[in-house]
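The values are calculated or read from the model by the stated rules, or taken from the named source; none is laboratory data. Predicted model, so just to flag it, every value in this text is computed and none were measured. Cβ sites come from the backbone with ideal geometry, for glycine too, and all protein chains shown count toward neighbours. These accessible areas exclude ligands, DNA and RNA; they are computed on the full protein's heavy atoms, side chains included. Shrake-Rupley method; radii C 1.70, N 1.55, O 1.52, S 1.80 Å.
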Amino acid sequence: MASLATSTLVYSTPVRIKTSSKPRSSSRTCKKTVPFLVTRADSSSLLLHAAKHTVDKHIQSGMVVGLGSGQASGLAIQYLGRLLRTGALKDIVGVPMSVTSASEAAKAGIPLDVYQDSSQIDFAFDDADIIEEETLVAIIGRRKSQSDESIIQEKSILKAANKLVFMITENQYVGGLEGSIPVVVQALNWMETAEEIDDLFLGDAEVWRRSSIGQAGPTGGDYPFITREGHNVLDVIFTSPVQSLAEVAESLDKVDGVVDHGVFSKFPCTVVIAAESGGLNIVDR
């Protein structure tokens, strides 16, 4: 791809866009509960149970494993490394989705490989910012990323995996999304792309170009966030519930200048939900 330059155009108010009012399509999911005894329902202890369950249930010796980013993924990486050190698992190769997960895996003693388009990945685990109820469509990439991390690479590894598990807390499993969806766009003429997003949906939202430092306003200030690939990120912040993430993703895919976005779906998929009660809810689709 040709090198990109940041547009010099600016605007003083957020771009307004619409949300979809169409209902979600029906889907088939299977849900079961795995009990655990937890004396205090803090997120770390709950996610640790989710991480251990994910590794114990799905990872076998000899696998190539996609290593996700986030609190639960970090805990799973540490636990996986412990099993390798004790000999409970052998010959595991990790494919990290981010610089952070690569660093955590190296500290845990997990052998690593670099993702390529031809990579064969047996299993992958990851955190998600939100999982849509029933459909299991995920949003990733809301959290502030380092410039050398990539939503594009994260999604590529998830797509390449033969089996996928997301680990989340109970409040991240929702119907009717509110909040933001990150959209990766070409830095050149990014504003034209933002204005096209303006016309997509039926409810209101704000489009802010992500800044690399603090809150710099809708245009991203003087230091907009630049991805590893040289792109900008638009945070599309919905103020009305989105009824179908799949429809939002389909519309974004058609916008000129959109490289990728944080909406992700793949089947089969399993979601391990750390419940406040101390148990795990397992949802398959």
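Here is how the numbers come out for the structure above:
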item	result
Selection within the range 47-61 - closer than 20 Å to Asp91 by Cβ, open to solvent by 40 Å² or more (accessible area, probe 1.4 Å) and in a helix (DSSP H, G or I)	Asp56, Lys57
Residue check for Thr86: among the hydroxyl-bearing types (Ser, Thr, Tyr) and at pLDDT 95 or above	yes
Of all residues in the range 72-86 being open to solvent by 50 Å² or more (accessible area, probe 1.4 Å) and over 23 Å from the mean Cα position of the chain (by Cα), the one that is nearest to Ile151 (Cα to Cα)	Arg82
Flag for Ser119 being touching an Asp or Glu at 6+ places or on another chain (Cβ under 8 Å) and not in a loop (DSSP other than H, G, I, E, B)	no
Filter pass, Ser69 being in contact (Cβ under 8 Å) with a residue 24 or more places away in the chain, closer than 19 Å to Ala161 by Cβ, part of a loop (DSSP other than H, G, I, E, B) and open to solvent by less than 20 Å² (accessible area, probe 1.4 Å)	yes
The range 111-121, residues that are more than 15 Å from Lys155 (Cα to Cα) and under 22 Å from the mean Cα position of the chain (by Cα)	Leu112, Asp113
Residue satisfying all of: in the range 199-216; assigned to a loop (DSSP other than H, G, I, E, B) and surrounded by 15 or more Cβ atoms within 10 Å (Cβ to Cβ); modelled with the highest pLDDT among these	Arg210
Inter-residue pairs, beta-carbon under 6 Å, first assigned to a helix (DSSP H, G or I) and open to solvent by less than 10 Å² (accessible area, probe 1.4 Å) and in the range 87-107, second hydrophobic (A, V, I, L, M, F, W, C) and modelled with pLDDT of 95 or more, 6+ apart	Ser101/Leu67; Ala105/Leu67; Ala105/Ile77; Ala105/Leu112
Only one of Glu206, Glu192, Glu247, Glu276 that is closer than 18 Å to Asp127 by Cα and of a type in the set (D, E, K, R)	Glu276
Among residues of the range 154-185, those that are more than 24 Å from Phe238 (Cα to Cα), open to solvent by less than 40 Å² (accessible area, probe 1.4 Å) and out of contact with any His (no Cβ under 8 Å at 6 or more places or on another chain), counted	6
Meets criteria (small (Gly, Ala, Ser) and in contact (Cβ under 8 Å) with a residue 60 or more places away in the chain) for Ala161	yes
Residue in the range 119-131 that is out of contact with any Leu (no Cβ under 9 Å at 6 or more places or on another chain), open to solvent by 50 Å² or more (accessible area, probe 1.4 Å), farther than 27 Å from Ser180 by Cβ and not hydroxyl-bearing (Ser, Thr, Tyr) present	yes
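Residue-wise test of (1) crowded, with 18+ Cβ neighbours inside 10 Å; (2) of a type outside the set (A, V, I, L, M, F, W, C).
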position	(1), (2)
Glu229	no, yes
Val236	yes, no
Thr239	no, yes
Leu245	yes, no
Glu250	no, yes
Lys254	no, yes
Gly257	yes, yes
His261	yes, yes
Phe264	yes, no
